[in-house]
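Take a look at this one; I'll ask things after.
Nothing in this text is a laboratory measurement; each read-out follows from the coordinates by a stated rule. Remember, it's a predicted structure, so these values are computed and weren't measured experimentally. Counting neighbours? That spans all protein chains shown, and the Cβs are built from the backbone with ideal geometry, glycine included.
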Amino acid sequence: MARVLILGGTAEARALAAALVGLPGVHPVTSLAGRVAAPVLPPGEVRIGGFGGVDGLAGWLAGQQIAAVVDATHPFAATISRSAAAAAARIPIPILALRRPGWSQRPGDEWHRVASLAAAADALTGLGQRVLLTTGRTELAPFAGLDGHWFLIRSIDQPQPPLPARHRVLLARGPFSVPAETELMTKHRIQVLVTKDSGGPLTEAKLTAARALGVPVVLVDRPALPEIETVQTVAAACQWVAAQPG
Ligand code: NAP
């Protein structure tokens, strides 16, 4: 059996694990960072926790006799993606990135693209005071000093301080529907939405709702990721795994 490491934490990684479990001659092992208290587990073998950088991951890959790696982490998880590219090159074993495309602007959208969460915080001035913040539970420090704004912070687990003085936390896990997002933004009189350009259908409804409500969006661009062979669909990743030498 060829042991294939899936670096996970996304719906695509779970779907890939489900597909590879049924592929003859392939034994998928999914790795999760352990950030979410009660993660949705994929089928097949799962391990949880960091590897200890490039050296730790390279040692783990060799020790576990991993034949190939699919990096299906979130497009903002740049550190693990860089570690994976470097560790796979060192051994060497083949590596593929499975990455959903970013979202595309449509007519009626008012998007303000920024390079970082700090730039997103800066961009809020003048756009609106009541903010729906959906950028995850970590790295919220850039918003902490914005006393003139009120934030609805939505995350799966409790957000990490420092947090802005005026806020409310909403613990929720997608997928979210357009009617629910519209109701949420209306109920809280949201004037601006801040999100990462995560892409994918599961969390896209907020953008549709914002468009219909005329709510501007501050969209954080993806970080630079390693330039390795990349596919956008689970089916293409599955084909790549099947084509690897046994
Ligand atoms: P990151 O900044 O790239 O990674 C930080 C460290 O966490 C890595 O150096 C690695 O530790 C460990 N790590 C990350 N992903 C791992 C994995 N799949 N398996 C084992 N260790 C992992 O990543 P992050 O932004 O903290 O994201 C962590 C996880 O959450 C990822 O699996 C990602 O797919 C998921 N996620 C992230 C976001 C986001 O917006 N960043 C959103 C949704 C889901 P060592 O150096 O010790 O190996």
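Wrap a convex hull around the Cα atoms of region 1-147, take a quarter of its surface area, and give that in square nanometres. List each step's numbers first, then the result.
On the way: hull surface 44.7 nm².
Averaged projected area of region 1-147's Cα convex hull equals 11.2 nm².
A follow-up question, please. Considering only C-alpha atoms, what is the centroid distance from region 29-93 to region 188-242, in Å?
22 Å
Using the 2.2 N^0.38 Å rule of thumb for compact globular proteins, work out how the chain stacks up: its C-alpha Rg over that value, please. The partial results should precede the final answer.
Values: Rg = 19.3 Å, N = 246, 2.2 N^0.38 = 17.8 Å.
Against the empirical 2.2 N^0.38 Å value, I get 1.08 for the chain.
Can you work out the PRE-style zone for Ala235? Point 7 Å along Cα to Cβ, and I want the residues of region 76-103 with backbone N under 14 Å.
From region 76-103, the list is empty.
Tell me the mean residue ellipticity at 222 nm calculated for the chain from its helices only (DSSP H runs of n ≥ 4, each -39500 (n - 2.57), averaged over every residue, nearest 500).
Numbers: 8 runs with 75 residues, N = 246.
That calculation yields -8500 deg cm²/dmol at 222 nm.
Show me, bin by bin at 10 Å from 0, the whole-percent P(r) of region 167-209 based on Cα pairs.
Pairs per bin, as whole percents: 25, 62, 13.
State the answer as a single residue: which of Ala87, Ala165, Ala123 lies farthest towards the positive end of the charge dipole of region 68-170, with beta carbon charges of +1 for Lys and Arg and -1 for Asp and Glu, about the Cα centre.
Toward the positive end, the furthest listed residue is Ala87.
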